[in-house]
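The values are calculated or read from the model by the stated rules, or taken from the named source; none is laboratory data. The model shown is predicted, which means the values in this text are computed figures rather than measured ones. When we count neighbours, we look across all protein chains shown, and the Cβ atoms used for this are built from the backbone with ideal geometry, even at glycine. All accessible areas refer to the heavy atoms of the entire protein, side chains included, with ligands and DNA or RNA removed. Shrake-Rupley method; radii C 1.70, N 1.55, O 1.52, S 1.80 Å.
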Amino acid sequence: MKLFFASLFMMLSATVASACPDYTRWGSEINITGEQLYSPRQFSVVAGGDQNLENCKIDAANWGGSLTGHVISAPDYSISISGVSGYDLEFRVIGTCDTVLLINNAHGTWFYDDDSYGDGDPKIRLNNPGSDGVYDVWIGTFNGAACDATLIVESF
């Protein structure tokens, strides 16, 4: 009986872990340069998902508490940015509901925001991220319900 419960626990643990955002998967691919982002680029997305961030072990570098919101497992976008040296990058979302933003940068560091852009919308600014690479981006919702949103990416 102990073996049964131990096996069940292991399967449930693996299921919860695999249900979290997975940066090894690819979202819609975008290839762009820091210079091209000097003019803001907009990308439509349906925000939300069935993965509750509170169940995930993600330590966001810019966030002091537990993450809240719901996203899908694969990133919404996998943005390959080249020529980023010397630029700051800003990711912001405008949604028709309360949205959240989660990013895994080219170094594997997580960033999260809920309402910094105002009106229930998130914004993350990466000051001189320094290296080219893939930025995986998830646009979620606070309560899990889906809504239309726009991701805006810009360099400064």
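Points worth noting:
- Charges were assigned to the Cβ only: +1 to each Lys and Arg, -1 to each Asp and Glu. The resulting dipole of the chain about its Cα centre is roughly 480 debye.
- With a 1.4 Å probe rolled over the protein heavy atoms of all chains, the accessible area of K123, K57 falls in the order K57, K123, largest first.
- Ranked by the mean number of other Cβ atoms within 10 Å per residue, highest first, peptides 107-114, 149-156 order as 149-156, 107-114.
- With K and R counted +1 and D and E -1, the other residues having a Cβ less than 14 Å from that of G86 yield a net charge of -3.
- Residues within the reach of a label modelled at S85 (point 7 angstrom out along Cα to beta-carbon, backbone nitrogen below 13 Å), restricted to the stretch 110-131, are 129-131.
- Alpha carbon centroid spacing (whole Å) that separates the stretch 89-137 from the stretch 49-66: 13
- Using just its DSSP H runs of length 4 or more, each adding -39500 (n - 2.57), the chain gives a mean residue ellipticity at 222 nm of -3500 deg cm²/dmol after division by all residues.
- C-alpha long axis of helix 2-18 to longest principal axis of the chain, angle in °: 10
- Near G64: Cβ cut-off under 13 Å, other residues only, Lys/Arg at +1 and Asp/Glu at -1. The net charge is -3.
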